[in-house]
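Read the structure below first, then the notes.
No lab work stands behind these numbers, since they all come straight from the coordinates. Just so it is clear, the structure is predicted and the values come from calculations on it, not from any experiment. A quick note on method: Cβ atoms are made from the backbone with ideal geometry, for glycine too, and the neighbour counts reach across all protein chains shown.
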Amino acid sequence: MTEIELIIDLHRNSERQGPGSKKDTLMALSFMDLPQDNDLKLADIGCGSGGQTLTLAQNLNGHITAVDLFPEFLAELNEKSKKLGLEGKIKTLKASMDNLPFTKGEFDVIWSEGAIYIMGFSKGIQYWKQFLTDGGYLALSEITWTTNSRPREIEEFWIGEYPEIDAAANKIKILESNGFTLVGYFILSEDSWIENYYKPLESQFEHFLKRHENTDLAKKVVRDYRSEIELHMKYKEYYSYGFYMAKKTE
Ligand code: SAH
């Protein structure tokens, strides 16, 4: 197995593949003035196994196209939505977020939790904008500095991982300069990182290593996550996921 295949295998049975929670998804939704009587159209990009997709489907009148590059996650989501009787509201689509088979103005809402960094915040916003109706909404969670300065170790780590990491004011500026008006912003809670993401992930490590017979690559995958978690515990006051809700106004 390649490293990416191992990473997918480690994450596939989890409820989420990144920090977040039902509460955060509902909070993000609460900033949008969406008609309840219309059949809304949403896209959930980088949906993973659909933690947020299921919450959205349970709380909205509409249809969701849930997009991910990896069919393993979409299979999990399909299974869960069937179990919950939501298969009529959620359609999964295997596609890359930078090459989507959508038409212009197709969606009322484009949702993406913990995934836009893959193509980059600016590029993602610029590319996805065309698929929104006028007055449509974006909801994006994006890694964000939460203080004006920070220790060098954590700054270097994140700049190495994602050079576009920045303060909320600069992320909001990017939204505004692309024709969006911010309608809400908040920071994910500690629980969304630790209780909902890191702890369930850690609980898989042992079984994952056994399943892969302790290969060097499997050990490397676990080592990398352990050091990410360690850094998070040490420096969590300096960064989080910011959740940005914005309306297409220009
Ligand atoms: N939204 C989910 C998953 C976030 S992790 C949650 O918050 O739990 C990022 C997701 O993006 C993963 O599911 C990964 O498979 C997916 N992904 C990676 N590259 C992608 C691409 N090029 N296009 C679409 N999805 C991609």
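Figures for the structure shown
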quantity: The chain: relative contact order as a whole-number percent, Cα under 8 Å and 6+ apart; calculated: 24 percent
quantity: Percent RCO, i.e. relative contact order, over the range 34-122, from Cα pairs under 8 Å lying at least 6 residues apart; calculated: 37 percent
quantity: Dipole magnitude of the chain, debye to nearest 20 (Cβ charges: Lys/Arg +1, Asp/Glu -1, about Cα centre); calculated: 260 debye
quantity: Of A43, S30, P19, farthest towards positive along the dipole that unit charges on Lys, Arg, Asp, Glu beta carbons give the range 12-55; calculated: P19
quantity: Residue order, fewest to most beta carbons within 10 Å, for M245, M1; calculated: M1, M245
quantity: Charge dipole magnitude, Cβ of K and R +1, D and E -1 - the range 72-183, Cα centre, debye nearest 20; calculated: 340 debye
quantity: Rounded FRET efficiency, nearest 0.05, which uses the C-beta distance separating D37 from E5 and R0 of 51 Å; calculated: 0.70
quantity: Above-threshold pairs, the threshold being 28 Å between Cα atoms, out of K89/K236; K80/K248; K82/K247; K22/K83; K80/K123; K91/K129; calculated: K89/K236; K80/K248; K82/K247; K80/K123
quantity: Protection proxy ranking, peptides 98-104, 47-53, 229-235, average beta carbon neighbours within 10 Å, highest first; calculated: 47-53, 229-235, 98-104
quantity: Cα Rg, Dmax (largest Cα-Cα span) when computed across the range 123-250, Å; calculated: 17.8, 54
quantity: The range 115-179-the range 198-222 distance, computed between alpha-carbon centres (Å); calculated: 30 Å
quantity: Packing-based order for 185-195, 16-26, using average beta carbon neighbours within 10 Å, highest first; calculated: 16-26, 185-195
